[in-house]
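K.L.:
Encoded as structure tokens, here's the structure I'll be asking about.
Bear in mind these aren't lab numbers, they're just calculated from the coordinates by the rules spelled out. All figures in this text were calculated on a predicted structure; none of them were measured in a lab. Note that we place each Cβ from the backbone using ideal geometry, even for glycine, and neighbour counts take in every protein chain shown.
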Amino acid sequence: MYNQNKENEQMAELMDRLQENLMKIATMEERIDRWAVLLEKARIDDLLHNYANPRRLIYVNIIAGLARGLGITIGTTVVVAVLGYLLKNFITLPIIGEYIARLLDIIDFHRSQYPLGGV
């Protein structure tokens, strides 16, 4: 009987340790799930894929550079065209128009003096 009680106590102690370990495992699974969600949101898999494949990284950067260059060129063209249009309309205003007309006269004078742009 004494041995059976001792075995029951050992079994109960073993069950308690097993339950504690299962609780720890459940907590770790929750943490891993949170990390998985964070990594998916951060798109780390794309970063690692690009890091592991340098050719793809170079290709993507070339395409991105071309797109940026084209965007800057088109944007600059639109802004300069709008500014040119607005300045053309300001020439008809009395004060601003006279100032711009004088500037244009100075520019024309210097162009005629130095046709190649040199001094």
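K.L.:
Within the range 1-43, count every residue that is in a helix (DSSP H, G or I), over 51 Å from the mean Cα position of the chain (by Cα) and of a type outside the set (Asp, Glu). I'd like the intermediate steps shown before the answer.
P.N.:
Kept after step one, since they are in a helix (DSSP H, G or I), are these residues of the range 1-43: 2-42.
With over 51 Å from the mean Cα position of the chain (by Cα) added as a condition, the list becomes 2-15.
From the residues that got through so far, the ones that are of a type outside the set (Asp, Glu) too are 2-6, 8, 10-12, 14-15.
Result for the range 1-43: 11.
K.L.:
Where the second residue is of a type in the set (Val, Ile, Thr) and surrounded by 10 or more Cβ atoms within 10 Å (Cβ to Cβ) and the first is more than 23 Å from PHE90 (Cα to Cα) and lies in the range 101-114, which pairs have Cβ atoms under 8 Å and are six or more apart or on separate chains?
P.N.:
Listed pairs, sorted by first residue: none to list.
K.L.:
Let me ask something else about it. Only one of ASN21, ASN53, ASN3 is loosely packed, with under 10 Cβ neighbours inside 10 Å and not aromatic (Phe, Trp, Tyr); which?
P.N.:
On the way: ASN21 fails: loosely packed, with under 10 Cβ neighbours inside 10 Å; ASN53 fails: loosely packed, with under 10 Cβ neighbours inside 10 Å.
Just one listed residue meets the conditions, ASN3.
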